[in-house]
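The values are calculated or read from the model by the stated rules, or taken from the named source; none is laboratory data. In this text the structure is predicted, and so the values were computed from the model without any measurement. Heads up, the Cβs are rebuilt from the backbone with ideal geometry, glycines too, and the neighbour counts pull from every protein chain shown. Accessible surface is based on the protein model in full, side chains and every heavy atom, while ligands, DNA and RNA are left aside. Shrake-Rupley method; radii C 1.70, N 1.55, O 1.52, S 1.80 Å.
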Amino acid sequence: MGVQLDAVHTVYLLGVAAIVGSMVLRANVVVPAILATFAVALAFTGSPLAATVAVFNGSLVAAKELFSIFLVIAFMTALLNALRSLGADQQMVRPFQRVMTNGHVAYLVLAAVTYVISLFFWPTPAVPLVAATLLPAAIYAGLPAMGAAAAIAIAGQGMALSSDYVIRVAPAISARAAGMADAATIIADKTLLLSLVTGLVALGLAWLRIRRDIRAPSQRHLAAWQEGATLGASLAEQREQVAPSIGSFDKSVLALRAAEGLPETGDAAPPAPRHPGATPWRS
């Protein structure tokens, strides 16, 4: 039985394209999503009033379907914060610092540790833990900062989040959306295999791009990375450029403030200068 495409499908496709375009341009997707929902409902019902109601109903349906994800993220973030308050998060990943004997090994260790931790704690709270604890050791080992960022992003936000094999919230949502609520396990197994294949290929390609920039272990790499002579100024300039257009509470602005060492709100005092050799990363 064939499905006939009509104006509703066309409007829906245009709405999806608008949202994807907004993501590519790193713009806020809320307004395009609301307008796309209104346009699809208007094309389907022909009533502006029904289309307006559909916008609010769509928010309620999305909240109902995604509440389990929000709940899991809240619990995982709270658990990781509890581990951080006890110092257990540092003890959990500190042994891997000694394994980073060179930049190539550091690249593999960063990817493996990020992947495993992200499977159990989700990438959003796990990535800052790995970056704060293992990134300086990887820089010391000779791995360039861009290579470390690629390993963490691909393994965490890429491989672990796409499969969600341990917590299995995403496979359950996919199974319900397909009308196969009992097939969540099958979907999780398939997505795990797909994420491993694509993730390992991406990690390999990223390593090929940065392998020429890997240097011998030296304290100078860490000192140069911590010094960041022009980093603070460039971050401040970026924040001043993006804040007026998207608001001071946008996640990109908050990330830039965090990178500068500034608090999220209020007037911030300049961060205290750090001595490059103040923190020994080699045991």
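Taking a ≥ b ≥ c as the square roots of the eigenvalues of the Cα gyration tensor, the range 82-218 is oblate, since a/c reaches 1.5 or more and a/b is not larger than b/c.
Efficiency by 1/(1 + (r/R0)^6): what FRET value for Phe56 and Leu13, r their Cβ-Cβ distance, R0 = 30 Å, to the nearest 0.05? Computed FRET efficiency for Phe56 and Leu13: 0.80.
If you average the alpha carbon positions of the range 173-208 and of the range 117-165, how far apart do those two centres end up, in angstrom? Here the two parts' Cα centres lie 19 Å apart. Ranking Val201, Val8 from most to least accessible surface, computed with a 1.4 Å probe over the protein chains only, gives Val201, Val8. The residues packed around Ser68, meaning those with a beta-carbon under 14 Å from its beta-carbon, carry a net charge of +1 if Lys and Arg are +1 and Asp and Glu are -1. Taking θ as phi - 60° and the Karplus parameters 6.51, -1.76 and 1.60, the scalar couplings of the range 27-43 work out to 9, 5, 9, 5, 5, x, 5, 5, 5, 5, 4, 4, 5, 5, 5, 5, 5 Hz in sequence order, x denoting glycine and proline.
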